[in-house]
1. In what sequence, highest mean first, do 79-85, 340-346, 127-133 appear when ranked by Cβ atoms within 10 angstrom?
2. Under 5 Å between amide H atoms, partner at least 5 residues away or on a different chain: which partners does residue 23 have, H built in plane at 1.01 Å?
3. What is the stretch 282-406 by shape, rounded, prolate or oblate, if you read a ≥ b ≥ c off the alpha carbon gyration tensor as root eigenvalues and call it rounded for a/c under 1.5, prolate for a/b larger than b/c, and oblate otherwise?
4. Is the C-alpha gyration tensor of the stretch 68-150 telling us rounded, prolate or oblate? Criteria: a/c under 1.5 is rounded; beyond that, a/b larger than b/c is prolate, otherwise oblate.
5. Using the scaling law 2.2 N^0.38 Å as the reference, what is the normalised Cα Rg of the stretch 31-187?
6. Per residue, what volume in Å³ does the Cα convex hull of the stretch 173-314 take up?
7. So, for the stretch 1-133, what is the accessible surface per residue at a probe of 1.4 Å, expressed in square angstrom?
8. Quick one: if the Förster radius is 56 Å, what FRET efficiency do residue 363 and residue 117 give, using the C-beta to C-beta distance and rounding to 0.05?
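The values are calculated or read from the model by the stated rules, or taken from the named source; none is laboratory data. Remember, predicted model here, so these are calculated numbers, not experimental data. Virtual Cβ from ideal backbone geometry, glycine too; neighbours counted across all protein chains shown. Protein only, heavy atoms only, side chains kept; ligands, DNA and RNA dropped before computing areas. Shrake-Rupley method; radii C 1.70, N 1.55, O 1.52, S 1.80 Å.
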Amino acid sequence: MGSAGGARVWLRHKEQLLPSTVSSCDDASLVLTTDYGKVIYLQKAELNGETVYPMHPSSVHGVEDMSTLAELHEAAIMHNLLLRYKRHNIYTNIGSILAAVNPYKQISGLYDSTAVDQYSKHQMGELPPHIFAVANECYRCLWKRHDSQCVLISGESGAGKTESTKLLLKFLSVMSQNSAGTPLSERTTRVEQALVQSSPIMEAFGNAKTVYNNNSSRFGKFIQLHFSQNGNIQGGCIIDYLLEKNRVVRQNPGERNYHIFYALLAGADTDHRDMYLLSEGPESYHYLSQSGCMKDSSLDDKQLFDSVMEALKVMEFTEEEIRDVFKLLSAVLQMGNIEFMTAGGAQITSKGVVSNVSELLGLDCFQLSEVLTQRSMILRGEEICSPLTVEQSQEGFSLPDKDSVLSPCCSLFGLAFEAARLLIDFIIPVLEPVRMASSHSGQGSPTPRLPALAPHPPSWTNSHSSQPGGGDPGATSTLFTP
């Protein structure tokens, strides 16, 4: 029986199937070592075909496409993913679905220009599984099927959805630049540049550190791209949904607010600090210090600020547009520091903070103070004002409940986020429907028409938001239309 040593088997232990190796075997007992390091001793009386059985060769060696696994159960799927992960093969096909396991490190050569070139010249299945293979298949199917293509990227927080989206856009940008019929002088166009540069802006405004992920997207997005008949990107748009606005005013312990706040404080020079009325660091602001986590060794806030500023300039944001967005962000931070006291109703004790907010937003200081400490309502055509309590005034800066109005800070940040996204959409031209007459005289198929873009849903006052730390807001969808 010694020849059985080293054989690969499945062991059913405590209602779980465990991949295991036979360590020793004799007439009385069997000793197994699971892949997780646990040694199991089994007596002959405990052995049967359901407790221990041989592992199929497809599970022993692993497969690139799990639809070819002979053993289709959860343990075999997880074991196959683990085998490939240990070999730095983070991508695995399941038919037309691509499963990706986040390696949390850089893998040399996986996404370089050589990989882009290689996957652009092969059909799906001819090379090992890769996100570039999916992108290339979608790009090719635009012309093979004369129909729009869609990629849905989903997964739990930290799975790599944001990075996968950037890799898809990177591949499509290269394919667009190298498309047949595009003159050499027109390659690396403004559209492709804007497409790539939009990522750091959207990440800074919509991503934050959570307990599980240091760069978690706190919003879902739908990216729509239009391609010309020559194969180059002509325009597109980004539609966001379910932005977690509540994070602006409260975060769970160990989490941070949105990246852009810390980046602004770390990167703004003296002149900009004076312009935006900023203090030195995040510890000066309640909205940034309340969770107890203001810095993270894996996040470089100064570098992020530089990346955002570079992206804004490449995308030709005007100085006025940049200034207005940053003033909104500074106003949000300042509003979190407004304090109240009771004196015949709520009274503001931090007059200097209110003055700063008024200056940043272009509001009258007295009127802003009234709005924060009084409630007005129209009764029989007459406006009646009543003072608020301290608790009611503070409620306006805390998380909204079903009976209260959305916090003005949440609304202001939503405004800044939406402004950045709309400006990106303006830079990445959005094509109107174009009807192209067929060049055929009654023969063959007509040239495909460019479909219309879905209208932008008005989201300046979007009140849908998930609770802080309550999981990932959603997936990313990318639609490619010919």
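1. Highest mean packing first, the order is 127-133, 79-85, 340-346.
2. Correct list: 6, 31, 32, 33.
3. Prolate, because a/c is 1.5 or more and a/b exceeds b/c.
4. Taking the square roots of the gyration eigenvalues as a ≥ b ≥ c, the stretch 68-150 is oblate.
5. 1.34
6. Working: hull volume 18.4 nm³, N = 142.
About 130 Å³ per residue, rounded to a whole number.
7. 59
8. The value I calculate is 0.55.
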